[in-house]
Each structure stands twice: as C-alpha cells, then as structure tokens.
1. Quickly estimate the mean residue ellipticity at 222 nm for the chain, helices only: each DSSP H run with n ≥ 4 gives -39500 (n - 2.57), and the total goes over all residues, rounded to 500.
2. Could you do me a favour and compute the accessible area per residue for the chain, 1.4 Å probe, result in Å²?
3. I'd like the carbon and sulfur percentage of the solvent accessible area for the chain, probe radius 1.4 Å, heavy atoms only, ligands and nucleic acids excluded.
4. Only helices at least 15 Å long along their axis, Cα-based, and averaging 0.5 or more on Kyte-Doolittle count here, so list those DSSP H runs from the chain.
5. Please tell me the relative contact order of the chain in percent, rounded to the nearest whole number, where contacts are Cα pairs under 8 Å and at least six residues apart.
6. Grab every C-alpha pair in the chain, bin the distances at 10 angstrom width from 0 up to the longest one, and report whole percents.
7. Trypsin sites (Lys or Arg not before Pro), restricted to segment 65-102: which are DSSP loop and have at most 15 other Cβ atoms within 10 Å?
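The values are calculated or read from the model by the stated rules, or taken from the named source; none is laboratory data. It should be emphasised that the depicted structure is a prediction, and the values quoted were computed from it without experimental measurement. Cβ atoms come from the backbone with ideal geometry, glycine included; neighbour counts cover every protein chain shown. SASA here: full protein model, heavy atoms, side chains in, ligands and nucleic acids out. Shrake-Rupley method; radii C 1.70, N 1.55, O 1.52, S 1.80 Å.
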Amino acid sequence: MSPPRRTSPPDPAARPFALRKEVAVAYLAPALTAGLGGLLTGRPELTTAAVTSIGATSALVACAVGAWLHRGGRPRRWTRSAPRLALALGLAAAAAATGGLAGWFASAWLPSHTPVPASGWLRRLPIDLPLSAALAAAVVTWRWRGTTSRQQR
C-alpha cells in the first residue's frame, strides 16, 4: 500500500514569529548589501557604516519594534486589527523620525561635548539612522502582522 498523498504542500510562511531570527536578518541584510556596495564602489566609509551604524541600527530597531508588537505573545488588539500596510507605514515613520533625531543629535552633540572628532561617519548618521530604522520597522512589522493574521484564521 502506498503512503497517503498530501493534497497541498506545507506552508513555509505559517511559521510563528521568531524575534531572534528577525533581528539577525535585520542586521545581516543591510550590513551585507551596504558592505558589498561599499566594496564595489570603493567607498570604505560605506563599508564601515554597513557593519556599524546601518546594521546595528537595523538590528536594534527590529528588536525593539518586534518585542513591542509581540508583547510576550499577547499583542495589542489594535495592532492585530489595523491594516497591515497602515501599521507598517506608521511604525516605519515613527522609527524614521526617532532615528533622524538620534542621528542629528549624535552628529551635532558628540563632536562638541566629547573627545570624538567630527568625522565622516558622524556626518552619515542623520541619513543612515532614519533609513535603517524605517526599513527595519517596516519589514519586521510586515512580517509580524503576516504571522498574526494567519494565526487568527
């Protein structure tokens, strides 16, 4: 007798939300792509920023947003019911604004109040931080919201 046939393949997207994997991807994806871009274009400051301000900001924001959304497995009702696109865009905008303020503050405050000299990497922060934060928040929110909508079915 032959084994029973599956009528449909297992859904790989039906896996539960795993914050540690999201944070790892949030660090590696922008760090590798920006690092490769820096290598290919001969811009060492971009390669350095890829593994520091770009990758670290992405990982930090992914961890913070993912933990806030997931909230110990008991997400807030409004985050589960809000449209996926609106939730992702809203959190991306909030993360970009926070990252922009942090980048502006660090690039202006650090050289004048600490022994850190004004350098190229500080001038990159007002751009790197909000972009990395917005992308990480949008991707993690989109992926998290996708897992919660499947679990509600």
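1. -25000 deg cm²/dmol
2. Each residue of the chain exposes 64 Å² on average to a 1.4 Å probe.
3. 69 percent
4. 19-41, 55-70, 84-113
5. Reported as a whole number, the value is 29 percent.
6. Calculated P(r), rounded to whole percents: 11, 33, 28, 16, 8, 3, 1, 0.
7. Arg76
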